[in-house]
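Structure first, then comments.
The values are calculated or read from the model by the stated rules, or taken from the named source; none is laboratory data. Please read these numbers as outputs of a predicted model, since none were measured by experiment. Here Cβ is always computed from backbone atoms with ideal geometry, including for glycine, and neighbour counts include all displayed protein chains.
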Amino acid sequence: MEILSLLEALEDAIEGGVSVPFSGKCMVDRGEILEIIQDIRLKLPDDIKQAKWVSKERARILAEAQQEADNIIKNAESRIAAMVDEHEISRKAYEQAEVIITNAKKNAREIRLGTREYADNILSKVEEILEDTLEVIKANRNELK
């Protein structure tokens, strides 16, 4: 992720600054710092686009999981209708259909939960990066003041 490398460059610029004696402050190249901050601003939209993509991908995966569950349920219902002819066959078909439907619902629920957790983790990481970036920028602005 390019923002992380820009933040590392910002850290390097600050660490490479000339220390002011008897204080925790240092002098840095203003132009270099401002250029890095501008690059961060330019890269943030890419990260936001990536987060939107993750969100869309999550929705697509959920839709596919729901479609797959619906298809499994339809297949189970079709099998039940085909086996209604005799009582014993019908009873077994209903039992199998219930198992298939239960498994399909369970699988769909697990897929939905998994994709939500995955998307939440990605969005959480993006949020942490953005918060860290904002903190660094605020700290740098405060130092510049």
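Here are some notes:
- Tally of residues being in contact (Cβ under 8 Å) with a residue 12 or more places away in the chain and either surrounded by fewer than 17 Cβ atoms within 10 Å (Cβ to Cβ) or under 13 Å from the mean Cα position of the chain (by Cα) (or both) across region 63-83: 6
- For region 1-50, residues that are in a loop (DSSP other than H, G, I, E, B) and either among the hydroxyl-bearing types (S, T, Y) or within 19 Å of K145 (Cβ to Cβ) (or both) total 7.
- Matching option when the condition is in contact with a helix residue (DSSP H, G or I) (Cβ under 9 Å, 6 or more places away or on another chain), part of a helix (DSSP H, G or I) and in contact (Cβ under 8 Å) with a residue 60 or more places away in the chain, among A119, A104, A93: A119
- Which numbered condition E95 fails, given (1) at pLDDT 85 or above; (2) within 30 Å of R141 (Cα to Cα): (2)
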